[in-house]
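Enquirer: Please see the structure below; I have some questions.
The values are calculated or read from the model by the stated rules, or taken from the named source; none is laboratory data. Just so it is clear, the structure is predicted and the values come from calculations on it, not from any experiment. Reconstructed Cβ throughout: ideal geometry from the backbone, glycine too, with neighbour counts over all protein chains shown.
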Amino acid sequence: MPLVNNKVGDDSTVGKDKALADGQALVDSLIKVVACYRHLASCVGSCTDSLQLRDELRQTREKAQKLAVSTCQHLTSHLRDKSLPEDQRKEMELLWVAFSSSLELLHVDMCKVFKMGDIFSLAETGTLVQTGIQGGGSEVAARALSLPDLNQAEPPAVPAGMESQEQSTLGQEISQIDHMIDDMEMKVNVLRWMVEPHGPQYADPLSSTDSASLGLLTVDEEQPGHQPLCQRSHIFVLLMLFAIVCVAATLSVCIVLFS
Amino acid sequence: MTIRNAIRDHGQRYRPRMVCLKKAEKVLLEMQDPRTGVKSQPQRLVITTIPHAITGEDIIAWLADRFQVDPQEARSFGSMLVALGYIYPLQDHKRLVIKPDASLYRFQTPYFWPTQQWPVEDTDYAIYLAKRNIRKKGILELHEQEQYNRLHKWMNHKWDFIVMQAKEQYRAAKERKKPDRVVFECQERAYWVVHRPPPGTVSGMDYGLERRIDPNADETKTPDFYERIMIFTQQSIMRPRVKSSVSIGALVKYCTTYNSHDPFLSKCLPSNPWLTDDVTLWSLNRLYVDVPTKMRVERWTFSFGELLSDPIGRDGFRLFLKKEFSSENLAFWESCEDLKWGAAATMKEKAQQIYKTFLARGAPRWINIDGKTMEITVSGLRHPHRYVLDAAQTHIYMLMKKDKYGRYIKSPVFKDTMKKAIAPEEHKFTDAQLEQNARNRRPSLSPIILRQQEEEQRAKMAASAPVDITQLCRFTTPVPHLAVYSGITDSPSATASPSLPFLAHTPACPSPISVALDSNSASERRGEASEGGAEGNHEARGPARGSVSKSRVALSLRRLLKRGCTPSTMFASLSPKCHSAAGTSSRIQPISPDEPSQAPPRRIGNFFQIKVDIPPECRIYPIESEDEDEESRAASRGGVGAKEIICPWESLTPHNGTG
């Protein structure tokens, strides 16, 4: 499966494969950072909006942009290389489509953050919407930046200056992303209708503990006080978990044996 | 530097009816103020509590207080806020209304607010659905499943990205604390309920067409701009003005008359399809139904325009006019409409035909308009355009409206129609049935099929409608694109014409053909057509009796033609027999003496005509004789003062001395 992060495996392959793997890794991390950015962006304007959040947003955005620039260079150079074999080109094009889509998402989110930053200034905390969110996005930002945790001292409160500076920087970055997208389209011609995805139509269910408990939470919203069901579901979930762990183990053994 | 739209949309799109969004945002910011806004309370779940939940009754009370309105209006306003997506319900999340009880709501985070600039993306929707599927497989509802499959088909090239992004977002969400995760999920779900509503629900985000220019933006003051302003003001000054009492009176009258007929303002029977998803109303009120509904018939009494614009009403009116022998008015009006709205290629031809049929001196279906209008029209016809017959058309329209329309409404025929009209029963659907209806909603028939059905209907009606035999002549029998003048069928298309029965009976003149034939055979001593005429007539009689097919009639007519029987004899004999000919018998009589001498060999046989206002000089030529040209036909005309109907703008070649 080409979308699996195969940094584990193929180090011994040809340079081109390595390039593919590199591109894959870059795109994957970009997708991850974009996802985290979206989560952080959803907190802007809410009651947990704070300088810290804005700071985390900035950092995440910078990381995303770095990744974007490097991915762009990497993919552009390889796709403009005429000597690329056909199947590699297909893979590259797939990566390209993924990259451009994530870039578009990033662009939207950045625009939204910019706009909301204009409307919801941190100085007037009364206008921040009470949405029910309690924690900030620190953990998400940590995931984005691939840090174990974020130890950040609260920066000194200079709201106005910092904000406007950040806004203008953000504006510039948005235009930069604009240009990048434009350049991409100019330099490389990828026919989107020719690109065929490899993956499944449905995302596979991941480990089910958290999913089940989250399901419980939302179910409880609808009908508060459904206690006995929880206990039964917990046991069921544990059993499922064991089964899945066994299956995963056997599969990994098979892969190791057959690769 | 511009912040551009994310989907690289180089055309701007503005949704002007969504101006309410800015205002709603202001209200919402006030509402959520912890000090002066709606009182919030924590929501207790099994594992945790989440703050900032508000109750429906608190919202309504706050709104009523803030805007000084009564609770009912505050409730509708609150429901609007929920429908737009600024507040979302925590229980029963699919119904976007405010319930005036202790049910809980929460404010939506600004990221998920509906905004003008960023249209809702299908990519995001696909990611959201994929995320939900990760959480629990098979949780997607039917419509969501369908949407998912559809998106999979249309965004196939991105699908790997979508699945990856869904997984990453899911993993990122897991990093957050549990209550925050729950809240975020509820927020996202609420967002998509607003922007991708389940079928059968009304979406508050319906905003109509998008516009290319932002109507709220300021326009730059260029010379062009000022020129436009000047033109606009000049035209405003030139506009004719009406006293406001008059115009407002007209508006009030219109509203009061049509109030009970408007399905949105008053109850419509059987049920309003927009509310109950049951389309009986529309199927009962299709353009061509056998029996109209009572409301529809009532509308015909409101104004003449209403009557004419409804095809069934028009048909009824046409029948009425036929009985009164003034159907040429309606035929003329219809042909003018045809000219106005028809294709430009055939316009000149049509105008000529109309002139020859209706307006010229000696036309077969001559209409009665005053001299001045006639002058204007004829001079305009030199260079015909679409609206050349407007003056005449208006005159005839007014004539019909003032005189015939009133008579029609009072006539027993109309009263009969009124009595026969159906008044459907009101539907009483239970909630379960309503849901069933919503599920069974299907798109309506394709317009192509609808048009075919209409054509069939029209053909059927034309076939079954009694033919006005008195109107038959070369100009009035349906030629493919000119069939509208015949007064028999509406459709200018050729499909209707084959069904035209040439020799059917009219109620008014009982079997004039047979009468003519009888008299013809009796008086047919003169001219060279005697025996042949009799035989021909006998043959013609055969098909006349029963249902006719055009070809048979044509055959008999051909024989008639060869024998060259003359119309004048028939005229003379027929006129006293038909009661409507009283006034013009003087016109018809003198034909006889000249007849035999002027029967050239190529003369085509003629049909009978008894119509009062058709001058006797007219020859009625059956449709098959198209290969004859004007000259020869003119030559074949006998009778006193029989002038060929030529358009005054054509060259006046003297047609063998008659006239």
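Enquirer: The conditions are (1) surrounded by 14 or more Cβ atoms within 10 Å (Cβ to Cβ); (2) in a helix (DSSP H, G or I); (3) modelled with pLDDT of 85 or more, and B:Gln453 fails exactly one of them. Which is it?
Expert: (3)
Enquirer: Listed residues A:Ser70, A:Ser29, A:Ser42; which is surrounded by fewer than 18 Cβ atoms within 10 Å (Cβ to Cβ) and small (Gly, Ala, Ser)?
Expert: A:Ser70
Enquirer: Quick check on B:Glu349: is it part of a helix (DSSP H, G or I), within 30 Å of B:Pro412 (Cβ to Cβ) and not hydrophobic (A, V, I, L, M, F, W, C)?
Expert: no
Enquirer: A follow-up question, please. Can you find a residue in the stretch B:169-190 that is more than 8 Å from every other protein chain (Cβ to nearest Cβ), farther than 19 Å from A:Gly132 by Cβ and of a type in the set (A, V, I, L, M)?
Expert: No, because not a single residue in the stretch B:169-190 is more than 8 Å from every other protein chain (Cβ to nearest Cβ), farther than 19 Å from A:Gly132 by Cβ and of a type in the set (A, V, I, L, M).
Enquirer: Go through (1) facing chain A (nearest Cβ under 9 Å); (2) touching a residue at least 60 places away in the same chain (Cβ under 8 Å); (3) not aliphatic (A, V, I, L, M) for B:Asp124 and report which single condition fails.
Expert: Against the list (1) facing chain A (nearest Cβ under 9 Å); (2) touching a residue at least 60 places away in the same chain (Cβ under 8 Å); (3) not aliphatic (A, V, I, L, M), B:Asp124 comes up short only on (2).
Enquirer: I'd like the full set of residues that are under 13 Å from B:Glu337 (Cβ atoms), among the polar types (S, T, N, Q) and loosely packed, with under 15 Cβ neighbours inside 10 Å, limited to the stretch B:349-403.
Expert: Once the filter is applied, which keeps residues that are under 13 Å from B:Glu337 (Cβ atoms), among the polar types (S, T, N, Q) and loosely packed, with under 15 Cβ neighbours inside 10 Å, the stretch B:349-403 yields only B:Thr394.
Enquirer: Let me ask something else. In the stretch B:64-79, how many residues are within 16 Å of B:Glu30 (Cα to Cα) and surrounded by fewer than 23 Cβ atoms within 10 Å (Cβ to Cβ)? Working first, answer last.
Expert: Our first condition is that a residue be within 16 Å of B:Glu30 (Cα to Cα); within the stretch B:64-79, this holds for B:64-68, B:74, B:77-78.
Checking which are surrounded by fewer than 23 Cβ atoms within 10 Å (Cβ to Cβ) leaves us with B:64-68, B:74, B:77.
Residues that pass the stated criteria total 7.
Enquirer: Which count do you get for residues in the stretch A:92-139 that are among the small types (Gly, Ala, Ser), part of a loop (DSSP other than H, G, I, E, B) and more than 7 Å from every other protein chain (Cβ to nearest Cβ)?
Expert: 4
Enquirer: Looking at the stretch A:79-89, which of its residues are in contact (Cβ under 8 Å) with a residue 60 or more places away in the chain and either farther than 20 Å from A:Leu103 by Cβ or crowded, with 17+ Cβ neighbours inside 10 Å (or both)?
Expert: A:Leu79, A:Leu84, A:Pro85, A:Gln88
Enquirer: Can you give me the number of residues within the stretch B:141-180 that are surrounded by fewer than 20 Cβ atoms within 10 Å (Cβ to Cβ) and over 45 Å from the mean Cα position of the chain (by Cα)?
Expert: So the count comes out to 5.
Enquirer: Looking at B:Glu185, B:Glu175, B:Glu219 in this structure, which one is modelled with pLDDT under 90 and under 30 Å from A:Ala144 (Cα atoms)?
Expert: B:Glu175
Enquirer: Can you tell me how many residues in the stretch B:413-427 are of a type outside the set (A, V, I, L, M) and assigned to a helix (DSSP H, G or I)?
Expert: Of the residues in the stretch B:413-427, 6 are of a type outside the set (A, V, I, L, M) and assigned to a helix (DSSP H, G or I).
Enquirer: Can you pull out every residue in the stretch A:44-78 that is over 16 Å from A:Gln167 (Cα atoms), within 14 Å of another protein chain (Cβ to nearest Cβ) and more than 16 Å from the chain's Cα centre (by Cα)?
Expert: Matches in the stretch A:44-78: A:Ser46, A:Cys47, A:Thr48, A:Leu75.
Enquirer: Would you confirm whether any residue within the stretch B:291-307 is in a loop (DSSP other than H, G, I, E, B) and within 18 Å of the chain's Cα centre (by Cα)? Walk me through how you get there before you give the answer.
Expert: Filtering the stretch B:291-307 down to residues in a loop (DSSP other than H, G, I, E, B) leaves B:291-292, B:301-303.
Subset that is within 18 Å of the chain's Cα centre (by Cα): B:292, B:303.
Within the stretch B:291-307 (the criterion being in a loop (DSSP other than H, G, I, E, B) and within 18 Å of the chain's Cα centre (by Cα)), the answer is yes, since at least one residue qualifies.
Enquirer: Is it fair to say A:Leu53 is touching a residue at least 12 places away in the same chain (Cβ under 8 Å) and surrounded by fewer than 23 Cβ atoms within 10 Å (Cβ to Cβ)?
Expert: yes
Enquirer: Let me ask something additional. On the basis of being on the phi < 0 side of the Ramachandran plot, among the basic types (Lys, Arg), within 14 Å of another protein chain (Cβ to nearest Cβ) and part of a loop (DSSP other than H, G, I, E, B), does B:Lys26 make the cut? It would help to see each step written out before you state the result.
Expert: Numbers: on the phi < 0 side of the Ramachandran plot: yes; among the basic types (Lys, Arg): yes; within 14 Å of another protein chain (Cβ to nearest Cβ): yes; part of a loop (DSSP other than H, G, I, E, B): no.
In short, no.
Enquirer: What residue, of A:Leu67, A:Leu95, A:Leu106, A:Leu75, is at pLDDT 85 or above, under 18 Å from B:Gln165 (Cα atoms) and in contact with a Gly (Cβ under 7 Å, 6 or more places away or on another chain)?
Expert: Details: A:Leu67 fails: in contact with a Gly (Cβ under 7 Å, 6 or more places away or on another chain); A:Leu106 fails: in contact with a Gly (Cβ under 7 Å, 6 or more places away or on another chain); A:Leu75 fails: under 18 Å from B:Gln165 (Cα atoms).
That would be A:Leu95, the only listed residue that is at pLDDT 85 or above, under 18 Å from B:Gln165 (Cα atoms) and in contact with a Gly (Cβ under 7 Å, 6 or more places away or on another chain).
Enquirer: Which of (1) touching a helix residue (DSSP H, G or I) at 6+ places or on another chain (Cβ under 6 Å); (2) within 13 Å of chain A (Cβ to nearest Cβ); (3) at pLDDT below 90 is the odd one out, the single condition B:Gln32 does not satisfy?
Expert: Only one criterion is unmet by B:Gln32, namely (1).
Enquirer: Related question: For B:Thr36, indicate whether it is farther than 23 Å from B:Asp101 by Cβ and surrounded by fewer than 16 Cβ atoms within 10 Å (Cβ to Cβ).
Expert: yes
Enquirer: Restricting attention to the stretch B:366-397, report how many residues are assigned to a helix (DSSP H, G or I) and not acidic (Asp, Glu).
Expert: 17
Enquirer: Residue check, B:Tyr88 against (1) within 18 Å of B:Ile54 (Cα to Cα); (2) at the interface with another protein chain (Cβ under 8 Å from one of its Cβ atoms); (3) hydroxyl-bearing (Ser, Thr, Tyr), all met but one. Which one?
Expert: Only one criterion is unmet by B:Tyr88, namely (2).
Enquirer: While we're looking at this one, here's another question. Consider B:Leu251 carefully, then state whether it is at pLDDT below 90, more than 20 Å from the chain's Cα centre (by Cα) and not in a loop (DSSP other than H, G, I, E, B).
Expert: Considered against the rule, which asks whether it is at pLDDT below 90, more than 20 Å from the chain's Cα centre (by Cα) and not in a loop (DSSP other than H, G, I, E, B), B:Leu251 comes out as no.
Enquirer: Shifting gears a bit: Scan A:Leu150, A:Leu145, A:Leu170 and give me the residue that is closer than 21 Å to A:Arg38 by Cα, modelled with pLDDT under 70 and within 14 Å of chain B (Cβ to nearest Cβ).
Expert: Going through A:Leu150, A:Leu145, A:Leu170 in turn, the sole match is A:Leu150.
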